[in-house]
Amino acid sequence: VGRSFSGSPVRLQAKRRSISSHVTKSSARPAASLTPRGAPPSGPPFLVMGKKSASKDRGYITATEWKLDGGGYRDKTEGLPFRRLPFNCCAVSFVPFEDPVCAPDGTVMDIMHAVPYVQKHGKHPVTGEPLELKDLTKLTFHKNQEGAYECPVLNKAFTNSTHIVAVKTTGNVYSHQAIEELCVKPKNWRDLLTDEKFTRKDLVTIQDPMNLDARALEKFEHVKKGHDATADATAARAESNVNQTGVSADVRRVLEKLGTADATAALHSGGGGRKAQAERELAAAKQKAAAGDDEEKKKTLSSATEKPDISHLLRGPSPASHPLDNVRFRPGSHTWNTDGETAHDAASDAEKRRQAAQEKMRAGDLYGSVAETRVNAMRTTGAGSTSFTSTVMAHVGGANARAVEAVVRNPKKKGYARVKTNLGDLNLELHCDVAPRTCENFIALARAGYYDGVGFHRSVKNFMVQGGDPTGTGRGGQSVWGGTFKDEITHLKHSGRGVVSMANSGAHTNGSQFFVCYKSAAHLDGKHSVFGAVVGGMETLSLMERVPVDLDDRPKTAIVIDHVEVFVDPYEDAAREETEAAEKKREDDARDERERLEALNPGRWWSNPAGEAARAAGDAPVAEAGGGVGKYVSAAPKRQAEAPAGAAVAKKAKPGGGYGNFDAW
């Protein structure tokens, strides 16, 4: 029986009656050795009584009986409530937050509960460590269309098993995967939304699924100490003689604060409720902390300036103005212009060219003079039918005019151009095989001198530099076809430094303005047409980026395009190939027509083979124009003139003997 309690089934080899009597006798005396560990001291729990008891009597117990009735192993956590704080709940009130802030360790709280708790207790509500208002950081959670919190980069919804981090400098919340793949591994320490710099120390872990103890409610400091955030409000409500059960929470708070110093302070600070008050207090704490840091910096600087300055012993005197400030440079040249007062003034010349380009744009003759057109014989302008049904259009009679259309070519090669500016040259590779219309517009405008004297009117550091507007306002410019043209969104992306793309004011509003990227701009993919890249002159692009700008991102020092030189024009090559193909086709058609006419009269060669051979060689005599039947017959060869009378008649040479030569064979 002792072995049967250990879990291994042992059948006794005695009869059933002896088993029953043995169990009955053993249960009559107090045998502690037969009682399993953890079992109650009462009678035998395994004796089966009642109907069919004989069929149920056995000499062993099952694992389930040992676990449930015999005091075996039981799951200690079975039946206990779930005590883990969800990621979207406040660590003080345990309810979903609306305006989240976080502590340096990543504990998330609602600002309406965090500020009063820190002001009253001065310590962390979870760990119990000292905490100040200036240490709190406002967080920005992003929601999807369904209202669930998600990562703004990967668009993955947050759950209680998601590894969530936040950037302390900006407060934006991301998934750990996005920060790891896009910031940590490529060492791109910039915020993925605002492009602000941060360090590894600025990353705060909001939720780590591998560290469950950090969100266990029974380990929170204010839970163990019994710090109830709503205890003061409950006490004040109990002392009030106004029935507050049927009023809202806002009205209840107003009644509680009537006639108190808090009401007077709120009136002077502008009101706004508990949320606005908490935000003001948090901002004031951060401002005070920043002011303290500034004072420390001033003290550090003042202490540093007290030391004697010996730097003048290590370097020469610094003039008031740099010697090269008044040196004028000739655009596109690496030499100095030393012509004195008559030196080349790039700014004035650029202004003149810009005004000329404006006049050219106002005249509107760019379409007819630059863009190649052809008459479509299959289409008309529709002026006749329109004037017939219109009440305001003059009547157009006679034959309908044929429609004039632009020639469309789709080359298979790249184009190359050089943009000459007052800061240097930019060599561009144009993707004519991918974006044919956009590249054709740029090359045609460049060949027409449209960009000569036009400046870059906008420059944003770490983003792009934009130009191509003759008006210099960012609202002008037109395409080579007049007006605007459609986008060409292809597989080309705004990836890398030096990408050239079209600027627009919306979908399908491309004109003459373009921009060059200082860095990757993935948020512009699918919105702007990429048509080229800078393949030479990156140092010039760096000079452009270092030019200071004003508050409107306009360069303080003018960046002007002197001229755009096109080296390889695939559209011109395609036009030349089309001309050569058309000429060859005309020659082939003429030869085919001649052969066809000869095939219609095959007897001419057999009747006059010598004449046909001479005609084919170009030696046939030209027939004189005449009438009658013989006008189609070639003139007979003229006879030699007869010798005058009295002249000596030449004797005929006698044939010599022999075989002679074989020249005539």
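The values are calculated or read from the model by the stated rules, or taken from the named source; none is laboratory data. For clarity, every value in this text was computed on a predicted model and none was experimentally measured. Backbone-built Cβ (ideal geometry, glycine too); neighbour counts: all protein chains shown. For the accessible areas, the whole protein counts, side chains as well, though only heavy atoms, and no ligand, DNA or RNA atoms are used. Shrake-Rupley method; radii C 1.70, N 1.55, O 1.52, S 1.80 Å.
Here are some notes:
- Potential extension, ALA590-ALA377 segment - 0.36 nm per residue separation minus Cα distance: 74.3 nm
- Heavy-atom accessible area order for PHE567, PHE531, largest first, 1.4 Å probe: PHE567, PHE531
- Overall, segment 420-521 carries a charge dipole of about 340 debye about its Cα centre when +1 sits on the Cβ of Lys and Arg and -1 on the Cβ of Asp and Glu, all other atoms neutral.
- Mean projection of the Cα convex hull over all viewing directions, computed for segment 87-241: 10.7 nm².
- Karplus-derived 3J(HN,Hα) values for segment 497-505, using 6.51 cos²θ - 1.76 cosθ + 1.60 with θ = phi - 60°, are 7, x, 6, 9, 9, 8, 8, 8, 10 Hz; glycine and proline are entered as x.
- Under the simplified labelling scheme, the LYS219-ASP99 pair shows an inter-label distance of 3.1 nm, with each label point 7 Å from Cα along Cα→Cβ.
- Shape call, segment 165-205: gyration tensor on alpha carbons, a/c limit 1.5: rounded
- Solvent-accessible surface (1.4 angstrom probe) belonging to LEU203, in square angstrom, nearest 10: 50
- Distance between modelled label sites at GLN119 and GLU583, nm, 7 Å Cα→Cβ extension: 9.0
- Computed from the C-beta positions of LYS413 and LYS138 and an R0 of 56 Å, the FRET efficiency is 0.55 to the nearest 0.05.
- Charge tally for GLN119 (other residues, Cβ to Cβ under 10 Å; Lys, Arg +1; Asp, Glu -1): -1.
- With 18 Å as the limit, the listed pairs LYS168/LYS286; LYS123/LYS219; LYS461/LYS556; LYS486/LYS527; LYS519/LYS556 have LYS519/LYS556 beyond it between alpha carbons.
- For segment 120-169 versus segment 447-511, the gap between their alpha-carbon centres in whole angstrom: 41
- For segment 530-588: rounded, prolate or oblate by the Cα gyration tensor [a/c cutoff 1.5]: prolate
- Volume per residue of the convex hull around the Cα atoms, evaluated for segment 410-526, comes out as 107 Å³.
- With a Förster radius of 30 Å applied to the beta-carbon distance between ARG554 and ASN504, the computed FRET efficiency rounds to 0.95.
- Calculated FRET efficiency for the pair THR62/GLU181, C-beta based, R₀ 41 Å, to 0.05: 0.15
- Pairs from LYS412/LYS584; LYS134/LYS185; LYS138/LYS493; LYS138/LYS187 whose Cα-Cα separation, in the structure shown, is over 29 Å: LYS134/LYS185; LYS138/LYS493
- Computed packing ranks the peptides 571-582, 503-514, 459-470 as 459-470, 503-514, 571-582, most packed first, by mean other Cβ atoms within 10 Å.
- Relative packing of peptides 383-395, 189-201 - highest average C-beta neighbours within 10 Å first: 189-201, 383-395
- Segment 460-611, Cα convex hull volume normalised per residue, Å³: 208
- Net charge, VAL108 excluded, C-beta distance under 15 Å - Lys, Arg +1, Asp, Glu -1: -2
- Segment 137-232, dipole about Cα centre (Lys/Arg Cβ +1, Asp/Glu Cβ -1), debye to the nearest 20: 320
- Highest mean first, the peptides 430-436, 148-154 sorted by other C-beta atoms within 10 Å per residue fall in the order 430-436, 148-154.
- Fully extended contour minus Cα-Cα distance, from GLU598 to THR386, at 0.36 nm per residue: 71.2 nm
- Label-to-label distance, nm, for residues given as LYS257 and ARG546 (7 Å Cα→Cβ offset): 5.5
- Shape of segment 453-511 from the C-alpha gyration tensor: oblate (a/c of 1.5 or more and a/b not above b/c, with a ≥ b ≥ c the square roots of its eigenvalues).
- The smallest convex shape that holds all Cα atoms of segment 510-559, its convex hull, gives 122 Å³ per residue.
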